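For reference, the structure discussed in these notes is given below.
The values are calculated or read from the model by the stated rules, or taken from the named source; none is laboratory data. Just so we're clear, the structure is a prediction, and the values are computed from it rather than from any experiment. Cβ atoms come from the backbone with ideal geometry, glycine included; neighbour counts cover every protein chain shown. Each accessible area value is taken on the protein alone, full model and side chains, heavy atoms only, with ligands, DNA and RNA left out. Shrake-Rupley method; radii C 1.70, N 1.55, O 1.52, S 1.80 Å.
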Amino acid sequence: MRVLPNVKITKKQLLSIYDHNCFNYGSEATLYEIPSLFGSHTLAKIWSSFYCSKDVIQNKFEKLKRLYQLEALKEMNDIQILSTISCGEEIVGYLMNKSAYRAIGYHPITRTELLYYLILARQKLKQFEQMGILYGDVSNGNILVYQNDVCFCDLDNVAYQELEIDNMSESLEEFMWNYGAYHFISLDEKAVSYMYNLFTLRELCFLEENRLVEEYLKTEQIPRELSPGPYKRIREQMRVITPSYEGHYFIDYVKDKYKQKINSHVFELR
């Protein structure tokens, strides 16, 4: 059994981290690149003590330990969990490798490349589910692309076995509320499909927020690459979420002529 390593730092070193320019940040953590402290080609994700309670951090720690043991995850996702980071008796974050992959939402790609990456990311979500991992934190900053591949970051914010997702977007919370018949249920595959469908429309329709996607779903517009029949059926289920939501994916219904375009290209992200 692989045991997750831990890097110990002092309080002074932890405080010095905050003086560095961050590599990236989100609501619950900040990414730092500090070669002098953690080595080159490594990113440190430091959780916010304001947004992450001790219970949340313990939940993340348990997930990281278990995910680290999954050889299949290591083989299919370029972003790797390297070790936890502790200060005194507390876990404050973890280390991951710095990858050549870049966030899908922040690099220019062609329409055909976008379809390719959306289909591939959907396939990887299915691989996650086969390992028992539910990735609900779908966003254009968490899905990374490079040449012909896709990977996912923020692996501490997944649901795995009995360990729940820690940070849900407003859209996911609203889905869980309505799909769960007005009581909280555990994240499942249908919740992941809902979030990925929102993400798919955001990317295909150049919409900046999930709120705008929800408005788009109220219209009769259909992205030209998607088959109208299946799209309409899924759209109707997404307009008013109920416990009968089936969890189908828009991206599974790309028209054949666009699939042919995808198959005829070899992509290299610029």
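Taking 1.002 mPa s as the viscosity and 20 °C as the temperature, the Stokes-Einstein diffusion coefficient of region 1-118 based on its alpha-carbon Kirkwood radius rounds to 137 µm²/s. Pick the calculated Cα Rg over 2.2 N^0.38 Å for this structure from (1) 1.05; (2) 1.20; (3) 1.51? Recomputing Cα Rg over 2.2 N^0.38 Å here picks out (1).
The residue among Q80, Y146, F250 whose Cα reaches farthest toward the positive pole of the charge dipole of the chain, with charges on the beta-carbon of Lys, Arg, Asp and Glu, is Y146.
Here K54 is the anchor, and the aspartates and glutamates within straight C-alpha reach of less than 20 Å, apart from those fewer than 8 places off in the same chain, are E28, E62, E89, E90, D154, D156, E162, E164, D166.
Pairs from the table (K124/K190; K74/K190; K45/K98; K63/K124; K124/K232; K12/K65) lying more than 23 angstrom apart at Cα are K74/K190; K124/K232; K12/K65.
Rolling a 1.4 Å sphere over the protein heavy atoms, what is the accessible area per residue of region 155-270, to the nearest Å²? Walk me through the numbers on the way to the answer.
Details: 6190 Å² over 116 residues.
That works out to 53 Å² per residue.
Taking amide H as placed 1.01 Å from N in the peptide plane, the amide H of I79 sits under 5 Å from that of F152, each at least 5 places away or on another chain. Separation of region 186-238 and region 44-84, taken as the distance between their Cα centroids, equals 29 angstrom.
First compute the accessible area of region 60-106 with a 1.4 Å probe, then give the percent of it belonging to carbon and sulfur atoms.
Details: 920 of 1970 Å².
Answer for region 60-106: carbon and sulfur cover 47 percent of the accessible area.
Here the extension length gained between E189 and E170 equals 5.1 nm, from 0.36 nm per residue of separation less the Cα-Cα distance.
For the chain, averaging the sequence separation of C-alpha pairs within contact (under 8 Å, six or more residues apart) and dividing by the residue count gives a relative contact order of 16 percent.
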